[in-house]
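Peer 1: Submitted below is the structure of interest, expressed as structure tokens.
Where a number appears in this text, it was derived from the coordinates with a stated rule and is not lab data. This is a predicted model, so every value here is computed, not measured. As a convention, Cβ positions derive from the backbone with ideal geometry for all residues, glycine included, and neighbour counts pool all protein chains shown.
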Amino acid sequence: QPIRPAGGTRALVAYFSRSGNTRVIAGQLHRELPAELFEIRPARPYPEDYEQTVAQASREREAGFRPDLSDRVQNLSAYDVVWLGFPIWGQSVPPPVRAFLAAHDLSGKTVRPFVTHGGYGLGDSLSVLRADAPRARFEAAVSMEADQERRTMNQVREWLAKARPRATNP
Ligand SMILES: Cc1cc2nc3c(=O)[nH]c(=O)nc-3n(C[C@H](O)[C@H](O)[C@H](O)COP(=O)(O)O)c2cc1C
């Protein structure tokens, strides 16, 4: 049963997150708004490996591929407001989020994007959302820079590069 806060609007938080940054925000919105929570999950999860994911995502983006999703929102008509959360992938909207927009009719609903990125901003994501959900009423997106896995990996590589000579040359 959808939560109905004072004022009568019913809100859904629908989000995609691979490494967890966007999930943290989605969980907080879910608790504090409050709103129902829906995770956008591709039927086939992306690889654990960051570089493999980047390569796969870029192939998918170029091909305009929309992956199958493991689940759909069953009672979308019950919601007036959809908070739509995702990370920026390749300066754009990740394929599973485009699949979500293709599989759900957001006509007349208020959509509030919340976006995380690794420091390079929103890219073309807002115009892609508008094109994929032309009848939704978009409100201003909120976005924030969040920890990027690539940055962490580069720092770990620096540790390893420093640690290695000592390991081989005690
Ligand atoms: C496949 C892939 C592509 C990415 N492309 C970009 C990008 O173009 N610009 C950017 O600022 N960050 C990029 N990032 C970093 C993510 O947007 C950032 O780490 C985000 O917070 C991850 O969210 P999540 O933990 O919810 O999955 C990319 C990450 C991945 C995995």
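Peer 1: Here are some residues: Ala103, Ala57. Which one is in contact (Cβ under 8 Å) with a residue 12 or more places away in the chain, small (Gly, Ala, Ser) and in contact with a Leu (Cβ under 7 Å, 6 or more places away or on another chain)? So that I can check it myself, show each step before the final result.
Peer 2: Details: Ala57 fails: in contact with a Leu (Cβ under 7 Å, 6 or more places away or on another chain).
That would be Ala103, the only listed residue that is in contact (Cβ under 8 Å) with a residue 12 or more places away in the chain, small (Gly, Ala, Ser) and in contact with a Leu (Cβ under 7 Å, 6 or more places away or on another chain).
Peer 1: Of the residues Val73, Val128, only one is within 16 Å of the ligand (Cβ to nearest atom), β-branched (Val, Ile, Thr) and more than 20 Å from Ala55 (Cβ to Cβ); which?
Peer 2: On the way: Val73 fails: within 16 Å of the ligand (Cβ to nearest atom).
Going through Val73, Val128 in turn, the sole match is Val128.
Peer 1: What are the residues in region 89-100 that are among the β-branched types (Val, Ile, Thr) and either in a loop (DSSP other than H, G, I, E, B) or within 10 Å of the ligand (Cβ to nearest atom) (or both), if any?
Peer 2: From region 89-100, those among the β-branched types (Val, Ile, Thr) are 93, 97; that's our starting set.
Answer for region 89-100, where residues must be among the β-branched types (Val, Ile, Thr) and either in a loop (DSSP other than H, G, I, E, B) or within 10 Å of the ligand (Cβ to nearest atom) (or both): just Val93.
Peer 1: Select from region 141-164 the residues that are farther than 13 Å from Gly119 by Cα and either touching a residue at least 40 places away in the same chain (Cβ under 8 Å) or among the aliphatic types (A, V, I, L, M) (or both) and list them in ascending order. Reasoning before the result, please.
Peer 2: Pass one, region 141-164, residues farther than 13 Å from Gly119 by Cα: 141-142, 152-164.
Selection gives Ala141, Val142, Met153, Val156, Leu160, Ala161, Ala163.
Peer 1: Does at least one position in region 107-115 carry a residue that is over 14 Å from the mean Cα position of the chain (by Cα), in a loop (DSSP other than H, G, I, E, B), within 14 Å of the ligand (Cβ to nearest atom) and more than 16 Å from Phe16 (Cα to Cα)?
Peer 2: no
Peer 1: Name, by its number, the condition in (1) in a helix (DSSP H, G or I); (2) more than 24 Å from Ser58 (Cα to Cα) that does not hold for Leu129.
Peer 2: Here Leu129 meets the rest and fails (2).
Peer 1: Mind counting the residues in region 131-157 that are more than 15 Å from the ligand (Cβ to nearest atom) and either surrounded by 13 or more Cβ atoms within 10 Å (Cβ to Cβ) or over 18 Å from the mean Cα position of the chain (by Cα) (or both)?
Peer 2: In the first step, residues of region 131-157 are kept if they are more than 15 Å from the ligand (Cβ to nearest atom); the result is 131-140, 156-157.
Subsequent filtering for residues that are either surrounded by 13 or more Cβ atoms within 10 Å (Cβ to Cβ) or over 18 Å from the mean Cα position of the chain (by Cα) (or both) retains 132-138, 156-157.
Result for region 131-157: 9.
Peer 1: Within region 19-55, restricting attention to residues that are more than 17 Å from Glu149 (Cβ to Cβ) and of a type in the set (Lys, Arg), which residue is nearest to the ligand (Cβ to nearest atom)?
Peer 2: Arg41
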